[in-house]
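Enquirer: My questions all concern the structure below.
The values are calculated or read from the model by the stated rules, or taken from the named source; none is laboratory data. None of the values given here were measured: they were computed from a predicted structure. Every residue, glycine as well, gets a Cβ built from its backbone with ideal geometry; the counts of neighbours run over all protein chains shown. In case anyone asks, the SASA skips ligands and DNA or RNA and just uses the protein heavy atoms, side chains included. Shrake-Rupley method; radii C 1.70, N 1.55, O 1.52, S 1.80 Å.
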Amino acid sequence: MPTVDRGESPQNGDRAYGRTEAAVLAATEQLLRERPLNALSVGDIIAAAGISRTSFYSYFASKTAVIAECLRRVMDEVIVAAEPLQSLSGEDPEAAVRVSVEQWVSLCTVHGALLRAVSEEWPHDSELGRLWFEMMAVVTDGAARVIRRARRRGDAPPGADPEALAACLMWTFERALHVALVGEAHGLAEPQALITPLSQMVVGGLFGRTLESARATPGTDSPPQTM
């Protein structure tokens, strides 16, 4: 399974977090549920984590370094959530897509404040931008592989370049989740409302077809069948 680059600094190793680091990360996510990132200071994090300033700077160089480490932790969870989609075979792809969508939406609900903050900040911060694009590249590459395999099997029609199509699907996915977390987009009142529409978008984009469940449900917008 692909993983994201964790860098070389002590706090970025692929290991369990120590008590101080874990306290800082947990306190930061909690504070982001209460205030925007630009209103959050290192002093706020130190107070909420119940540690000394010396302890904080033993592990993190800045507030941005804490946010980046929170994001790295969540990025690994995003890759796990995307695994059912990225491992798609010819058997029941709709179910695998829905599992990935449900897991991704659930993850974004749990870490919504952090993801919203990073999504709004990465265009202005090179490190957060690098990490965000790295995460999106991993899920995009996985979706492109699914498209290529499905086309080779004859399970998907030919069409746009697989990499470009996958990128469009994954970035649309990302933006839809963001506006649902913000809660200001018409038709996207909250993340759970995204599960079926996003599943249909991904199945349609990957395989050029509607959801089986939508075709089987009376009263949908599907066109009537002709004899």
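Enquirer: List residues of the range 21-43, by number, whose backbone nitrogen lies under 14 Å from a label position 7 Å along Cα→C-beta of residue 52.
Expert: Residues passing the 14 Å test: none.
Enquirer: Another one. Could you compute how much accessible surface residue 124 exposes when probed at 1.4 Å, giving the result in Å² to the nearest 10?
Expert: 140
Enquirer: Could you give each residue of the range 111-119 its phi-based ³J(HN,Hα) in whole Hz, using Karplus coefficients 6.51, -1.76, 1.60 with θ = phi - 60°, and x for Gly or Pro?
Expert: 9, x, 5, 5, 5, 5, 4, 5, 4
Enquirer: To continue, here is another question. What number comes out for accessible area per residue over the range 49-137 if the probe is 1.4 Å? Units Å², please.
Expert: That works out to 41 Å² for each residue.
Enquirer: Another question, if that's okay. Of all GluC sites (Glu not before Pro) in the range 129-192, which ones are in loop regions per DSSP and have a Cβ with at most 14 other Cβ atoms within 10 Å?
Expert: Qualifying residues, ordered by number: 184.
Enquirer: At a 1.4 Å probe radius, carbon and sulfur cover how many percent of the accessible area of the range 26-137?
Expert: 53
Enquirer: Sorting 135, 201 by accessible area (1.4 Å probe), largest first, what list results?
Expert: 201, 135
Enquirer: Filter the trypsin sites (Lys or Arg not before Pro) in the range 22-115 to those in DSSP coil with at most 14 other Cβ atoms within 10 Å of their Cβ, and list the result.
Expert: Qualifying residues, ordered by number: 33.
Enquirer: In the full protein assembly as shown, how much of residue 195 is accessible to a 1.4 Å probe, in Å² to the nearest 10?
Expert: 20
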